[in-house]
1. Sort out which residues of region 114-140 are over 25 Å from Gly73 (Cβ atoms) and more than 16 Å from the chain's Cα centre (by Cα), and write them in order of number.
2. Take the residues in region 59-80 that are among the aliphatic types (A, V, I, L, M) and in contact with a Pro (Cβ under 8 Å, 6 or more places away or on another chain), then tell me which one is nearest to the ligand (Cβ to nearest atom).
3. Filter region 81-91 for residues that are at pLDDT 95 or above and either away from the ligand (no atom under 15 Å from the Cβ) or under 15 Å from Pro130 (Cβ atoms) (or both) and give the result.
4. Condition check: touching a Lys or Arg at 6+ places or on another chain (Cβ under 9 Å) and buried (at least 18 other Cβ atoms within 10 Å of the Cβ). Does Ala112 satisfy that?
5. Can you name the number of the only condition in (1) among the small types (Gly, Ala, Ser); (2) surrounded by fewer than 13 Cβ atoms within 10 Å (Cβ to Cβ); (3) on the phi < 0 side of the Ramachandran plot that Ala182 fails?
6. Only one of (1) surrounded by fewer than 22 Cβ atoms within 10 Å (Cβ to Cβ); (2) among the basic types (Lys, Arg); (3) away from the ligand (no atom under 15 Å from the Cβ) is not met by Arg10, so which one is it?
7. Hey, among Leu190, Leu149, Leu206, which residue is without any contact (Cβ under 8 Å) to a residue 24 or more places away in the chain, of a type outside the set (Ser, Thr, Tyr) and more than 16 Å from the ligand (Cβ to nearest atom)?
8. Do any strands (runs of 3 or more DSSP E) lying entirely in region 133-248 carry at least 2 residues that are assigned by TED's automatic domain parsing to the domain that holds Ile15 and within 19 Å of Asp17 (Cβ to Cβ), and which ones are they?
Amino acid sequence: MPDHADARLRLFASIHDVSPRFESEVDALYDRLCGLLGSPRMAMLVVPDFEDAAPLTANPAYRAKLRAWADAGVEMFLHGWCHRDDSLRRGFMQKHMTAGAGEFAQLTRETAAQRLSEGQKVVEDAIGRPVAGFVAPAWLYSEGAIAALADAGFALAEDHLKVWSPASGNKVVAKGPVVTWASRSKPRILSSLMVASLARLAPSLLRDARIAVHPGDTTVPALLRSIDATYSQFVRTHRPSRYADLLS
Ligand SMILES: [Zn+2]
């Protein structure tokens, strides 16, 4: 393991869109991150029923897989209910900006509360322990969603720029942009490669570095090379950490 000169620098690795819908991609990312980090010290963002077509409740084998990962130390976050933004038909911009993934971007407090409650139950039944927190699809939250998270007492939530604790008066516990990749189009691939390469130039600027991968990243070799280079660079200076550590 690398010698961490500054123990205050922390790395939070995560895999988004964990669902039976992307079983082989998530398996591949898990193996890859274990190799890069030297351990399963990572978070997984679990979708209870991706696009209403991949229900965890109907898949005991996948639930068992999630539990085994949680037993191995992976932190499990709830990541929406179906991941899809049902207001799509109303908003071109939403679709354009997030590929329709901003499920919690426009929800009322009541609808958000219902999806949080049902999703938490499904994921916690699978993993046999409390979820570590909640991350909205595409990191987009309506005001109602933020209020519902606090009402429900989730320990942690994050968006593009920060991590906060809904259970503690929405106290911000980490700041700094997420480093992540986009695989949907050539311009997005190129811009995400550029951001990652900039982050690698000065890793210590991100004291609590969040680096997130998605199933689609596995389909683009240039993204995988950038992912490998970025985690490899950060583990030299940053200690792979648990989001829960942000609360202590
Ligand atoms: Zn997602």
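The values are calculated or read from the model by the stated rules, or taken from the named source; none is laboratory data. Because the structure is a prediction, the values reported are computed rather than measured. No Cβ is skipped: glycine too gets one built from the backbone with ideal geometry, and neighbour counts run over all protein chains shown.
1. Of all residues in region 114-140, those over 25 Å from Gly73 (Cβ atoms) come to 114-115, 117-118, 138, 140.
Result: Gln114, Arg115, Ser117, Glu118.
2. Quick first cut of region 59-80, residues among the aliphatic types (A, V, I, L, M) only: 61, 64, 66, 68, 70, 72, 74, 76, 78.
Cutting the leftovers down to in contact with a Pro (Cβ under 8 Å, 6 or more places away or on another chain) gives us 72, 74, 78.
On the way: Ala72: 22, Val74: 16, Leu78: 11 Å.
Among residues in region 59-80 that are among the aliphatic types (A, V, I, L, M) and in contact with a Pro (Cβ under 8 Å, 6 or more places away or on another chain), the one nearest to the ligand (Cβ to nearest atom) is Leu78.
3. Of everything in region 81-91, nothing turns out to be at pLDDT 95 or above and either away from the ligand (no atom under 15 Å from the Cβ) or under 15 Å from Pro130 (Cβ atoms) (or both).
4. Numbers: touching a Lys or Arg at 6+ places or on another chain (Cβ under 9 Å): no; buried (at least 18 other Cβ atoms within 10 Å of the Cβ): yes.
Criteria not met by Ala112.
5. For Ala182, the failing item is (2).
6. (1)
7. Leu190 is the lone residue from the list that is without any contact (Cβ under 8 Å) to a residue 24 or more places away in the chain, of a type outside the set (Ser, Thr, Tyr) and more than 16 Å from the ligand (Cβ to nearest atom).
8. On the way: elements: 133-135, 162-165, 171-175, 208-213.
Answer list for region 133-248: 208-213.
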